[in-house]
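The values are calculated or read from the model by the stated rules, or taken from the named source; none is laboratory data. Everything quoted here is computed from the prediction, not taken from an experiment. Positions of Cβ are backbone-derived with ideal geometry, glycine not excepted, and every protein chain shown enters the neighbour counts. Each accessible area value is taken on the protein alone, full model and side chains, heavy atoms only, with ligands, DNA and RNA left out. Shrake-Rupley method; radii C 1.70, N 1.55, O 1.52, S 1.80 Å.
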Amino acid sequence: MPKLLIIDDEANVLYSLQSGLETDELAVVTAKTGKRGLALVPKEQPDVIIVDVRLPDMSGLEVFDRIKEIAPRVPVIVITAFAATETAIEAMKRGAFEYLLKPVDLHHLREVIRRALELRRMQAVPAVFDQPDEVAGSSGADPIIGRSAVMQEVYKAVGRVAPQDVTVLILGESGTGKELVARAIYQHSKRADKPFLAINCAAIPDALLESELFGHEKGAFTGADRQRIGKFEQAHGGTIFLDEIGDMSPATQAKVLRVLQDQQFERVGGRETLAVDVRVITATNRNLEAESLAGRFRQDLFYRLNGVTITLPPLRDRKEDIPLLVDHFVRVANRQLDKHVTTVAPDALRILSAHDWPGNVRELQNVIRYAVIQAVGDVLTAECLPASVRGGTAPQPGRSPDDGLDVRKLVRDLLAFGSPELYRKVIAEVDRVVLSEVLRHVANNQVHASELLGISRTTLRAKLAAQGAGGTGGTGGTGGTTANTANTANTGTGGNSASGGTSGNSGTGGGGNSGGGGNSGTGATGAGLTTPRPTGTSG
């Protein structure tokens, strides 16, 4: 069980934090002085530490420095009731995971602790190659499983590049295990005792990603009320993993290129040039060469990244590894769910081996977890597998018999099927139902529909175009009765849509003649949501 150590001299703060944070999945130990807290670090071996800046026997920053000597890879969160900018900057420069002001919002603190625990796991839990499940499980390691020829090439490539202080680009479809390979490279590198930070570039909005990576100065933008130290500064001397780098904006790509070339950058809104010593590992599921030729990814950055690459095969290209993976995931599910499945029936294994696995190893892991839940007794049979894998006619995820939408069921179905981009798919289904019902209610009048929905007509048209649908959009004029019908919107390439028709506005006089000022429908970009991608699982 992960363990949290809190060092604070205020008894009420210790009580509040311990009672608010301790759960069946997180143990909490406390200390009221810096010396007591330091004594608990080797004894309790915490996974995350919270330190108050002001302690009765020594400063929080002094405690922080001592912690880094004892346990250099344990994330430390610094808290204080005194909003001293210099203290915050100094703490982050020294490598603090986060700096928070009292009173601490527990909801936010839980999220910070969750991210710190994830970082701790990535740094501390080894990613091992093809070890027997009993060995990997007993050591707490995350095994990279596969004995196929293509996986053997991956192992050899990792062994060759890990000791070399070079930038590495990991290529592979979603769910192939890119994060595990990045961790293996880090853990077998010369920087294994230094920080390792991971950033999912697709999960952070463009407006925030540059600040997250490079930091910002106070006043750099609205809401920048103090200076922030970015991940590149925090990872000084260590390794930074940029997952889904293909989703990065051109402006941020330019700054990353400079770091790779010169190991220098400026914070957002800053003029001071900062030097860092960081090894960069990147990963993407996109074809960066095609993206660069299309102008969506900088060619100079692509050439810089493309020097050392490791390509992970999709699961459909190494089906001989499926029995090993199934055995491993059954054992993992047994431990997590307190189940006792010991055997996979031959017909179930044949079905699993025949499936194409578009979601790769992550999809297989979710399917096995689903099947273990369904299993009665110690045998996993074909009937335990989802219909989508068995090849039967599976119901549409989340659809009820009357074609209504059950959002909770949809989410559960998508999770069970191991579907990627879950958030985008749920939002798209909700939009489909809401828009169709509202348009039916108003007889396809887009003006009335947009008023009921509380969105602009442009947004409504974009959403309809994204669904490949169109509506009629006439409006009745003041004193007139004529309304013209708008043409159906056509979906454009690359996710952009255009509403090509015109929505005539009726004249204002009697007789209902169309006025001469009809508004032409403008091209609108399909409304889409940036969807966070999950990190890779073992494969």
Suppose we keep just the DSSP beta bridges with both residues in the stretch 159-298; what percent of those would be antiparallel, to 5? 20
Note on the stretch 188-258: alpha-carbon gyration tensor, axes a ≥ b ≥ c; rule is a/c under 1.5 for rounded, else prolate if a/b larger than b/c, else oblate; result oblate
Which of the peptides 171-178, 454-461 is most tightly packed, and how do the rest follow, judged by the mean count of other Cβ atoms within 10 Å per residue? 171-178, 454-461
Accessible area of the stretch 61-124 divided out per residue, in Å², using a probe of 1.4 angstrom: 48
If R0 is 25 Å, what FRET efficiency do you get for Thr343 and Ser148 from their C-beta distance, rounded to 0.05? 0.60
Considering only Cα-Cα distances, which of the following residue pairs are longer than 23 Å: Lys231/Lys255; Lys190/Lys255; Lys43/Lys178? Lys190/Lys255; Lys43/Lys178
Residues with amide H under 5 Å from that of Thr309, placed H, sequence gap 5 or more: Leu169
What FRET efficiency comes out for the pair Arg226/Lys409, r = Cβ-Cβ distance, R0 = 45 Å, nearest 0.05? 0.50
Alpha-carbon Rg/Rh ratio, for the stretch 98-231, with Rh computed the Kirkwood way: 1.04
Hand me the trypsin sites (Lys or Arg not before Pro) from the stretch 22-93 located in a DSSP loop with no more than 12 other Cβ atoms within 10 Å, in residue order please. none
Beta bridges by DSSP in the stretch 1-100, antiparallel share as percent, to the nearest 5: 10
Give me the net charge of Pro56's neighbourhood, meaning all other residues with Cβ under 12 Å from the Cβ of Pro56; Lys, Arg count +1, Asp, Glu -1. -1
Amide H neighbours of Phe265 at under 5 Å, excluding residues fewer than 5 places away on the same chain, with H built from the backbone geometry, are Leu274
Based on the Kirkwood radius over alpha-carbon pairs, what is the Stokes-Einstein translational diffusion coefficient of the stretch 232-275 at 10 °C with 1.306 mPa s viscosity, in µm²/s? 139
At a Förster distance of 25 Å, what's the computed FRET efficiency of Asp165 paired with Leu293, Cβ-Cβ distance as r, to 0.05? 0.25
Classify the stretch 1-119 from the C-alpha gyration tensor, please: rounded if a/c falls under 1.5, else prolate or oblate depending on whether a/b exceeds b/c. rounded
Residues of the stretch 249-283 with amide N under 19 Å of a point placed 7 Å along Cα→Cβ from Ala203: 249, 281-283
